[in-house]
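Just so you know, all these numbers are worked out from the coordinates, no wet-lab data involved. All figures in this text were calculated on a predicted structure; none of them were measured in a lab. Glycine also receives a Cβ, built like all others from the backbone with ideal geometry; neighbour counts cover every protein chain displayed.
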Amino acid sequence: MTIPNLITSLRIILAPIFIIYLLNEKFLPALVVFVIAGLTDGADGLVARLLNQKSTLGSYLDPLADKILLVAAFVVLSFRGFVPSWLTVVVISRDVLILLGVCVLFLNGLSITIRPSLISKATTCLQLATVFVVLSTEYFHFSAGFHRLVYWLTGLFTISSGLHYMYFWFKVISNGAKGGATKAAEG
């Protein structure tokens, strides 16, 4: 277990605490936990690079920790009426699509290394920003128009990222069927 993996594990541990605060609509404590989780997201990658402790486990744990936090946030915020349900469906659909794509590639005997693309990173940032905006509206007084803009941008990037993954997987399957080569995903 490396230091970056321990930091990522802390983010996973923070997720249920965050969810409990959200369920009880205690947005300030939820926001504090969310910001701490966000800081651990940056810290684990930085520490991994500085200490040369990148690991296979970390490459799985880091996106998993993000997904646990974000999917839970979108589900609870949508259920409570703070985020549009269509956006939650888009966010979860993309994550399910990613999981299914990896499974299909695995079942076809194609091994891949997933490295997030620029659009995927932007999508995650926008999803995090959406949760931040919702939780901090009382403190920053964001307008309804600003909320709609954030929702639509997040939805657009989430859909674009999902389509990017699909394009990549069709390309890998097509090339894999021809040559059986290992591919690296930039999705």
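In deg cm²/dmol, rounded to 500, what helix-only [θ] at 222 nm does the chain give when every DSSP H run of at least 4 residues adds -39500 (n - 2.57) and the total is split over its residues? Spell out each step's value before the answer.
On the way: 6 runs with 151 residues, N = 187.
Estimated from H runs of four or more residues: -28500 deg cm²/dmol.
Each 10 Å bin, from zero up to the one with the longest distance, holds this percent of the alpha carbon pairs of the chain: 9, 33, 34, 19, 5, 0.
Qualifying trypsin sites (Lys or Arg not before Pro) in the stretch 35-127, where qualification requires a DSSP coil assignment and no more than 15 other C-beta atoms within 10 Å, comprise K54, R80. Lysine pairs in the chain whose alpha-carbon atoms fall under 24 angstrom of each other, counting only those eight or more residues apart or on distinct chains, come to 9.
Near L135: Cβ cut-off under 14 Å, other residues only, Lys/Arg at +1 and Asp/Glu at -1. The net charge is 0.
Taken about its Cα centre, the chain carries a charge dipole of about 420 debye when Lys and Arg each add +1 at the Cβ and Asp and Glu each add -1 at the Cβ. Sequence-distant contacts, meaning Cα pairs under 8 Å at least 6 residues apart, place the relative contact order of the stretch 83-187 at 49 percent.
Rounded to the nearest 0.05, what FRET efficiency do I12 and T137 give with R0 = 25 Å and r taken as the Cβ-Cβ distance? Could you check?
Once the sixth-power term is evaluated, E becomes 0.40.
Remark: the stretch 61-72, residue by residue, has Karplus-estimated 3J(HN,Hα) of 5, 4, x, 5, 4, 4, 5, 4, 5, 6, 4, 4 Hz, where x stands for each Gly or Pro and the curve is 6.51 cos²θ - 1.76 cosθ + 1.60 at θ = phi - 60°. Once you order the gyration tensor axes a ≥ b ≥ c over the Cα atoms, which shape class does the stretch 83-187 get: rounded for a/c under 1.5, otherwise prolate or oblate by comparing a/b with b/c? Prolate, because a/c is 1.5 or more and a/b exceeds b/c. Alpha-carbon geometry of the stretch 51-118: the Rg and the Dmax are 14.8, 43 Å, given in that order.
Here the relative contact order of the chain, from alpha carbon pairs under 8 Å that lie six or more residues apart, stands at 25 percent. Assuming charge only on the beta carbon of Lys and Arg (+1) and of Asp and Glu (-1), the dipole of the stretch 9-74 about its Cα centre is about 100 debye to the nearest 20.
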